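Below is one structure, written out as structure tokens, with a few remarks after it.
The values are calculated or read from the model by the stated rules, or taken from the named source; none is laboratory data. Here the structure is a predicted model, which is why all the values come from computation and not from measurement. Reconstructed Cβ throughout: ideal geometry from the backbone, glycine too, with neighbour counts over all protein chains shown. Quick note on the areas: whole protein, heavy atoms, side chains included, nothing else; ligands and nucleic acids left out. Shrake-Rupley method; radii C 1.70, N 1.55, O 1.52, S 1.80 Å.
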Amino acid sequence: MKEKYWRKNILYLRILLTIWFICSFGFGILLAENLNEFYLGGFPLGFWFAQQGSIYIFVIIIFIYVYLMNKLDKKHNLEE
Amino acid sequence: MDAQFWTYLLVGVTFSLYIGIAIWSRAQSTKEFYIASGGIHPVLNGMATAADWMSAASFISMAGIISFLGYGGSQYLMGWTGGYVLLALCLAPYLRKFGKFTVPDFIGERYYSKNARTIALICAIFVSFTYVVGQMKGVGVAFSRFLEIPYDLGVIIGIGIVFFYAVLGGMKGITYTQVAQYCVLIFAFTVPAIFISLQATGNPIPQIGFGSKTTDGVYLLEKLNQLSVDLGFEKYTDINQTTLINVFFITAALMFGTAGLPHVIVRFFTVPKVRDARISAGWALLFISFLYTTAPAVAAFAKVNLINTVSNAQYSEVPQWFKNWENTGLLQFDDKNADGIIQYVADEQINELTIDRDIMVLANPEIADLPPWVIGLIVAGGLAAALSTAAGLLLVISTSISHDLLKKNINPNISEKGELWAARISIAVAVVAAGLAGLNPPGFVAEVVALAFGLAASSFFPAIILGIFDKRMNKEGALSGMIVGVVFTTIYIFYFKPQLGGPGLPKDYLFGISPEGIGTIGMIINFIVSLIVSRLTKPTPENIKELVESIRYPK
């Protein structure tokens, strides 16, 4: 039972950290030049990810993780 | 009522507030002194973490750096926020479950070794001390520029305030003061930003105004790109491919360094439960993001305003603020071709204007012609940022000495009362030492901060992560990983920093990585060495495996 909890936690980490990496190091740095061909209002898209978007996404990732883990704690009766 | 009056008033009011909070929240026990009894509400802890995290550099210097680097400044924005994702997902909840007082505590117990604790303790003190000296310098500069108080006296006033509330209240006093300081600094940073966004684009939200059209119908960033090109600079939003790898490594070093900094990690010991530790990291980043998403907007607005005001202007007709900042030496005009007009261009031979980056925040209210109380607000905000960070760092130094060194290594029989006194005395000594170093700051303070992040990334981060996620990781593996990672990173930084007397030249950088980014490589080396050594030596003892098992589950 407990093992299942831990495996699920690791799965969440894998998925969320992949998104974390793609949005910052991917869209904000490695692919930024290509994304700059597109625009979001007055922002070239790569530049927007590097100076705005990645930070918003970081905040969202943490709140999603909190939501998922609180649910998982409850399901496995591991709430404090 | 001039700016001077408002500055005295606002600084006076905020300082009395901090002292009032300190008296109200005196610490009675070591648990209160080290971790505020673990009873801080997660939202308040988030605010305190944000104030702890955002230093004088974030408040005063960062927008200016972005202003002059354009896209290149993104490494600081992503680097100093992305680490919180790692903290929330991979560190904070487990360390909270572990439930002790300090980072060396975790390293020492998880790796069942006094030596590991001692190495962690030395790294923690070194990292925190280099960082705190920079804050003291920030306090002195803020006082001397705005209140015409001598730099030294400014530092002494700063020490006095921190001394009072840190020695009296420990973590409890520091936490509640930091909550107040967060409110002051975020208000001080956003108010001028809203004003300039409104002026330039008609939109009060700087994050949106930043991507909007200015009053003449052209997008702000397009205008800024055009102005930059006209003056011979690179386009503001363009990405320089030759330095891209370096941007990547610096961003990573700052992120992993953030997640390994003891004064940030220790904040998650102060909340009541594991779930509070997770959400608290979320609140912290949300509060930090208000400043970090506003800063790049301020950078762009201020740059456009500055270029429009000074470029090709008659020197005899420049506004008053230009003359004021010339007196402080932050702006320098040298009329090379004696035509009485300011030429501000990329070409060093022709350029006549030297601009200190800090001016983009400090002079912003005047450049945008805002009322004088906004200037007072900026000073109070800068001081709040510097003092809150300094206090958090000093607490790490003091707990490292009284708890990790004295109680755990030297005299385990010390009484509760004795330890509390030792904690108070060591924080007092740390405050005074930091102040003295701030009075005579070594010229290379800024350079050493790179070292602080590099060391945190290459020492603590892998040791903690492996301690949680790899049960097979033993004392031998973690110790050798930390030593190799730290030694590699330190040598590389010293070798390639001319300010530290290093002979290395940029052309010899390993894979083109500058010293600011080398912590990433140090971290990877640490991981590899730890994993290999741990697999070749004897397995982790059973009781440690149980410890690891227990921190993985909230209950």
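Give the dimensionless ratio obtained when the Cα radius of gyration of region B:512-555 is divided by 2.2 N^0.38 Å.
Rounded to two decimals, the normalised Rg is 1.71.
Would you work out which of B:Phe269, A:Ser24, B:Tyr219 lies farthest towards the positive end of the dipole of the protein assembly as shown? Charges go on Cβ: Lys and Arg +1, Asp and Glu -1.
With unit charges placed on the Cβ atoms, the residue in question is B:Phe269.
For chain A, report the % of Cα-Cα distances exceeding 21 Å.
It works out to 43 percent of all Cα pairs.
What is the angle, in °, between the Cα long axis of helix B:244-260 and the longest principal axis of the Cα atoms in chain B? Nearest 10 is fine, range 0 to 90.
Its long axis makes an angle of about 50 degrees.
Report Rg (one decimal) and Dmax (nearest whole number) for region B:400-555, counting Cα atoms only, units Å.
Rg then Dmax for region B:400-555, in Å: 19.5, 56.
Determine the dipole magnitude for region B:397-555: charges of +1 sit on the beta-carbon of Lys and Arg, -1 on that of Asp and Glu, nothing else is charged, the reference point is the Cα centre, and the result goes in debye to the nearest 20.
Here region B:397-555 has a charge dipole of around 320 debye.
Using alpha-carbon positions, what is the distance between the centroids of region B:195-255 and region B:14-61, in Å?
34
In region B:275-366, what chymotrypsin sites (Phe, Trp or Tyr not before Pro) fall in a loop by DSSP, with at most 12 other Cβ atoms inside 10 Å?
none
Sort B:461-467, B:433-439 for me by packing, meaning the mean count of neighbouring Cβ atoms within 10 Å per residue, highest on top.
Peptide ranking by packing, descending: B:461-467, B:433-439.
Using only the alpha-carbon atoms of region B:67-126, report the extent along each of the three principal axes, biggest first, to the nearest angstrom.
So the three principal-axis extents are 47, 25, 15 Å.
Which values, in whole Å and largest first, are the semi-axes of the equivalent ellipsoid of chain B obtained as the square root of 5 times each eigenvalue of the Cα gyration tensor?
41, 27, 21
So what is the relative contact order of chain B, in percent, for Cα pairs below 8 Å that sit 6 or more residues apart?
Averaging sequence separation for qualifying contacts and normalising by length gives 28 percent for chain B.
Using the 2.2 N^0.38 Å rule of thumb for compact globular proteins, work out how region B:1-116 stacks up: its C-alpha Rg over that value, please.
1.45
For B:Lys475, go through the aspartates and glutamates and keep the ones whose alpha-carbon is under 20 Å away, minus same-chain ones fewer than eight residues off.
Filter leaves B:Asp105, B:Glu109, B:Asp404, B:Glu542, B:Glu546, B:Glu549.
Which entries in the list A:Lys75/B:Lys31; B:Lys213/B:Lys303; A:Lys2/B:Lys114; A:Lys4/B:Lys408; B:Lys114/B:Lys545 go over 26 Å, if you measure between the two C-alpha atoms of each?
Going by Cα-Cα distance, A:Lys75/B:Lys31; A:Lys2/B:Lys114; A:Lys4/B:Lys408 fall outside the 26 Å limit.
Throw me the Rg/Rh for region B:211-322, computed over C-alpha atoms with Kirkwood Rh, two decimals.
The Rg/Rh ratio comes out at 1.14.
Would you mind giving the average projected area, over all directions, of the Cα convex hull of the protein assembly as shown in nm² with one decimal?
The directionally averaged projection comes out at 28.1 nm².
Against the globular-protein guess of 2.2 N^0.38 Å, express the Cα radius of gyration of region B:335-462 as a ratio, rounded to two decimals.
1.66
Regarding region B:8-72, what are the three Cα extents along the principal axes, ordered largest first, in Å?
Here the spans come out as 49, 31, 19 Å, largest first.
What does the charge dipole of region B:359-469 about its Cα centre add up to, to the nearest 20 debye, if the Cβ of each Lys and Arg holds +1 and the Cβ of each Asp and Glu holds -1?
Dipole magnitude for region B:359-469 comes out near 440 debye.
Which one, B:Phe146, B:Leu377, B:Phe33, is farthest towards the positive end of the dipole of the protein assembly as shown when Lys and Arg carry +1 and Asp and Glu -1 on their Cβ?
About the Cα centre, the residue reaching furthest to the positive side is B:Phe33.
Am I reading the B/A interface right? What is its buried accessible area, both sides, 1.4 Å probe, to the nearest 100 Å²?
What B and A bury together is about 4400 Å².
Could you tell me how many degrees, from 0 to 90 and to the nearest 10, lie between the Cα long axis of helix A:2-21 and the main elongation axis, the longest principal axis, of the Cα atoms of chain A?
For A:2-21 against chain A, the angle is about 10 degrees.
May I ask you to evaluate 6.51 cos²θ - 1.76 cosθ + 1.60, the Karplus curve with θ = phi - 60°, for each residue of region B:212-225 and list the ³J(HN,Hα) values in order in whole Hz, giving x for glycine and proline?
Those phi angles translate into 9, 7, 7, 4, 8, x, 9, 4, 3, 5, 5, 4, 5, 4 Hz.
Assuming 1.567 mPa s and 4 °C, estimate D for region B:143-211 with Stokes-Einstein, Rh taken as the Kirkwood radius over Cα pairs, in µm²/s.
Once the numbers are plugged in, D ends up at 88 µm²/s.
Excluding ligands, DNA and RNA, what is the solvent-accessible area per residue of chain B at a probe of 1.4 Å, expressed in Å²?
Accessible surface, normalised per residue, equals 35 Å².
When Cβ neighbours within 10 Å are restricted to other protein chains, what is their mean count per residue of peptide B:200-207?
1
Per residue, how big is the convex hull around the C-alpha atoms of region B:449-497? Give it to me in cubic angstrom, could you?
In region B:449-497, the Cα hull volume divided by residue count equals 52 Å³.
Placing unit charges on C-beta atoms (Lys and Arg positive, Asp and Glu negative, everything else neutral), compute the dipole magnitude of the protein assembly as shown about its Cα centre in debye, rounded to 20.
So the dipole magnitude of the protein assembly as shown works out to roughly 3520 debye.
Show the residues, 5+ positions off or on another chain, whose built amide H is closer than 5 Å to the amide H of B:Tyr219.
B:Thr214
Where Lys and Arg each count +1 and Asp and Glu each count -1, what net charge lies around A:Glu80 among other residues with Cβ under 13 Å from its Cβ?
Taking every Cβ under 13 Å from that of A:Glu80, the sum is +4.
Just to confirm the number: angle between the C-alpha axis of helix B:445-458 and the first principal axis of chain B, 0 to 90 degrees, nearest 10?
The angle comes out at about 40 degrees.
Output wanted: per-residue J couplings in Hz (rounded whole) for region B:152-166, from phi through Karplus 6.51 cos²θ - 1.76 cosθ + 1.60, θ = phi - 60°, x for Gly and Pro.
4, 5, x, 4, 5, 4, x, 4, x, 5, 4, 3, 4, 7, 6
How high is the relative contact order of chain A, given as a whole-number percent (alpha carbon pairs under 8 Å, six or more residues apart)?
Answer for chain A is 30 percent.
If you take the charge dipole of chain B about its Cα centre, with +1 on Lys and Arg Cβ and -1 on Asp and Glu Cβ, which of B:Asn305, B:Gly519, B:Tyr344 is farthest toward its positive end?
B:Gly519
For B:Ile341, what residues show an amide H to amide H distance below 5 Å, using hydrogens built from the backbone and excluding near sequence neighbours?
It is B:Tyr315, by chain and number.
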